[in-house]
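The values are calculated or read from the model by the stated rules, or taken from the named source; none is laboratory data. Owing to the predicted nature of the structure, the values given are computational and were not obtained by experimental measurement. Positions of Cβ are generated from backbone atoms using ideal geometry, with glycine treated the same way; all protein chains shown enter the neighbour counts.
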Amino acid sequence: MKLDIESMRSLYRLNHMSRYNTWPRIHNESVAAHSFYVVLFTMMICDRLGVEDRLKLEAMQIATVHDIPETIMNDVTYDAKKQIDGLNELLGEFERKYIMVNFPEQYFAVFGSNSVNHEIARLIVKLADVYSVVQYCDNEVQLGNKPFEKLLEDSFERASAIIKKLEGRYNISCQKITICNQ
């Protein structure tokens, strides 16, 4: 993606897109705000796990660009991805193509490797992404939005599954990164 005014305008669209756009919400969260928290939580997880700087950089790059394709496809909620067969794969293919065309320098960091470190970086970002969902859903529940209780519970389950992969598949102790209810 060029660093010009048109590209900046395109990226700024993330600030205007509301997450959970099909759910009744008390507080709107933009995709840009969510992306900020994913990057922040990725950094915090990497620091607490004590990963190498190279792995941390790879995870931070993935986290930084992970939702940029939503400038075109908007935010598709997790519940929609679960209910519509093949949707997740279709969106994943679009994301790969979008990043390849618009962020070729980051493409390899995001999609181009099958190494163990790359898989760990992707799992860390997935966990950070889910932690951002936990944060938002918890806020909605704290404000009295009952439907988000189920989303919050599901998010804790998703986080636990990712942690089990990190611990089981890669022998990484995750005690320092678990949050309540996991």
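Summary of values
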read-out: Yes/no for Ala63 being closer than 17 Å to Cys174 by Cα and in a helix (DSSP H, G or I); value: no
read-out: Hits in the range 80-110 (condition: touching a residue at least 12 places away in the same chain (Cβ under 8 Å) and under 21 Å from Lys150 (Cα atoms)); value: Ala80
read-out: Qualifying residue in the range 57-65 (condition: under 16 Å from Val31 (Cβ atoms) and more than 16 Å from the chain's Cα centre (by Cα)); value: no
read-out: Count - residues of the range 24-50 that are within 19 Å of the chain's Cα centre (by Cα), in contact (Cβ under 8 Å) with a residue 60 or more places away in the chain and not in a helix (DSSP H, G or I); value: 1
read-out: Breaking point among (1) without any contact (Cβ under 8 Å) to a residue 12 or more places away in the chain; (2) part of a helix (DSSP H, G or I); (3) surrounded by 14 or more Cβ atoms within 10 Å (Cβ to Cβ), for Ser113; value: (2)
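Listed here are the residues, each with its yes/no results for (1) in contact with a Cys (Cβ under 8 Å, 6 or more places away or on another chain); (2) surrounded by 21 or more Cβ atoms within 10 Å (Cβ to Cβ); (3) modelled with pLDDT of 95 or more.
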{"site": "Phe36", "(1), (2), (3)": "no, no, yes"}
{"site": "Asp47", "(1), (2), (3)": "no, no, yes"}
{"site": "Leu57", "(1), (2), (3)": "no, no, no"}
{"site": "Val76", "(1), (2), (3)": "no, no, no"}
{"site": "Asp79", "(1), (2), (3)": "no, no, no"}
{"site": "Gln106", "(1), (2), (3)": "no, no, no"}
{"site": "Leu123", "(1), (2), (3)": "no, no, yes"}
{"site": "Tyr131", "(1), (2), (3)": "no, yes, yes"}
